[in-house]
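Undergrad: Below: one structure in structure tokens.
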Amino acid sequence: MELHFYPRQHLLVVRNGRAIIGKFEAWGGPANIVLHPGAMREEPTWPGAYVIANAVPYHTPSWKWSRIKWGTRLKDMGDDVQYQLPNGVWASVGKDMGISYISIRALTLALYGKEFIPKTWVFNDFGPIAIRWFKDSNQNRVLDRNERLSGQMFHTTPANEAQFARKLPVKMTGSHGCIHLKPDQRDKLFAIGAFKPKTIFVIHRYDEYF
Amino acid sequence: MMNIFKPLVLTTAICSTVPWGMAAPTAGTPAHMRWQANGQIESGQLRRKIDLRGITAGLQNGDGLWLAGYRKNRAGEFVPMVVLVAPGLKNAQSWPFKNSVQQFFTFEHDLYALDIAGAVFLRAGEKWQNSRLAFKPGSSVVWAQDFLIACRPTPDSREPLWRGSCYSPQKKWEVMLDWRDKQPVKCGQWLVAVEAFSPPVALQIDPENGKVVKKVVLKQDWAGGCGIKF
């Protein structure tokens, strides 16, 4: 099985030899780098041949709302939200992440149309799971020590996850370089084995069309 | 003179030294009343703890101390509440709100409560009623003299749902601004905002029309206030 992404067409094609297994909507970055003073730059989803490495619930200290993994259990304390650490201990979102109680309520209002503290963290910018890829320099389909995971990845967005949960149309938008997927299509891609590690993944140039 | 109380940023420490909030009272009001986010109220020697937590806004006027926070309902959920603590701290009235109130402000002698959805409620007698005013979600009023100016920040997520701005519903202008933590302020006859670039950029804005009249790159982060030299 191989994955082929055509960024201009917002198209991800799953192939098995010559047979087309499926076509999925997928949105990458712009064709050229776009700089935003004080904000993250937008870059192309870099064309090339890659290999799927793994799929993980992603978290990063770089983004305040992405420091906690999607799905982490939460408790509403009325003036703070607590999140559960891997060892079972409860910690403060306010103290640890600098995210105020009212801003969590405000974000659920913006995403879900009503104000509440969810039972689990649904604000990670990378969604429930991120699918990572790497440049396989020796073509052994293994992430060797001298090879690095791309900083770009497949993922859904909190806004799209909320739209899907609310049974609203999922409005896709371009990314800063990652590849955005619709939540149900991400699930379908997993179900057909498209994201199995070692799968070949080709990002076509912006002037290439399927 | 109208005072707008900015939402208190909570900082908690192991020894629980919770900061006090205090709104300079409007003219004709009794002694300062001050509050902590956990519902502790003080007025002179008097002290009282009210059933309200996560207090996000406060304003003192002739009626007493208005506070916005949360209270647990019978279902065990924390719901937004507005509470009025009368001078002398003996009486407290409360009103449930659908959405969190993030600011009280006075405009043309009326008291308003602004919630996180941008809805504005007018204090009318013993009730809070829908007002003719409405703002964008996440906004705070930064100017309430003759006309209103509200601002909302660019959210600090990786892919913000909106871009920050300041705008005036009465003067019918909006200027897009990438401000984040430090709310724009009224400085004399101007509105001053600082965009969260690296380095930050301060803007002096004409409140009549939203035009940027002066811009200066700052050498260090802005601590707030009107000390920027344009």
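Undergrad: Cα extents of the stretch B:33-127 along the three principal axes, largest first, in whole Å?
TA: Over the stretch B:33-127, Cα extents along the principal axes are 38, 37, 20 Å.
Undergrad: Right, next: A:Thr60: net charge of surrounding residues, Cβ under 11 Å, Lys/Arg +1, Asp/Glu -1, itself excluded?
TA: +3
Undergrad: Once the mean 1/r over all distinct Cα pairs of the stretch B:189-230 is inverted, what Kirkwood radius in angstroms do you read off?
TA: 10.5 Å
Undergrad: Please state the shape class of the stretch B:70-117: rounded when a/c is under 1.5, otherwise prolate if a/b exceeds b/c and oblate if not, all from the C-alpha gyration tensor.
TA: Oblate, because a/c is 1.5 or more while a/b does not exceed b/c.
Undergrad: If I histogram all Cα-Cα distances within the protein assembly as shown using bins 10 Å wide from 0, what percent of pairs lands in each bin?
TA: Calculated over all Cα pairs of the protein assembly as shown, the distribution is 4, 18, 25, 23, 16, 9, 4, 1, 0 percent.
Undergrad: Quick one, can you get me the convex hull of the C-alpha atoms of the stretch B:66-201 expressed as volume per residue in Å³?
TA: It comes to 157 Å³ per residue, whole-number rounded.
Undergrad: Something else: Can you pull the mean other chain C-beta count within 10 Å for peptide B:50-57?
TA: Taking the mean over all residues of the peptide, I get 3.
Undergrad: Further question on the same structure: Can you bin the stretch B:137-224 into rounded, prolate or oblate? Criterion: square roots of the alpha carbon gyration tensor eigenvalues sorted a ≥ b ≥ c, rounded for a/c under 1.5, prolate for a/b above b/c, oblate for the rest.
TA: oblate
Undergrad: Something else about it: Using all Cα-Cα distances in chain B, what percent lands in each 5 angstrom bin from 0 up to the longest?
TA: Pairs per bin, as whole percents: 1, 6, 13, 17, 18, 16, 13, 8, 5, 1, 0.
Undergrad: Further question on the same structure: For B:165-177, what's the mean count of beta carbons from other chains sitting within 10 Å of each residue's beta carbon?
TA: Across the residues of B:165-177, the mean count of other-chain Cβ atoms within 10 Å is 0.
Undergrad: Put +1 on the Cβ of each Lys and Arg and -1 on the Cβ of each Asp and Glu in the protein assembly as shown; which of A:Gly88, B:Val79, A:Ser150 then has its Cα farthest toward the positive end of the dipole?
TA: A:Gly88
Undergrad: Moving to a separate point now. With 30 Å as the limit, write out which pairs from A:Lys95/B:Lys49; B:Lys171/B:Lys219; A:Lys171/B:Lys171 have Cα-Cα distances beyond it, or answer none.
TA: Distance filter (> 30 Å) returns B:Lys171/B:Lys219; A:Lys171/B:Lys171.
Undergrad: What is the Rg over Rh value, at two decimals, for chain A, using alpha-carbon atoms and the Kirkwood definition of Rh?
TA: Taking Rg over the Kirkwood Rh, I get 1.00.
Undergrad: Between exposed trypsin sites (Lys or Arg not before Pro) in chain A, where DSSP calls loop and at most 16 other Cβ atoms lie within 10 Å, what's the longest gap?
TA: A:42-113
Values in this text are rule-based calculations from the coordinates and carry no lab data. Model, not experiment: these values are computed from the prediction. All Cβ positions, glycine included, derive from the backbone under ideal geometry; neighbour counts span all protein chains shown.
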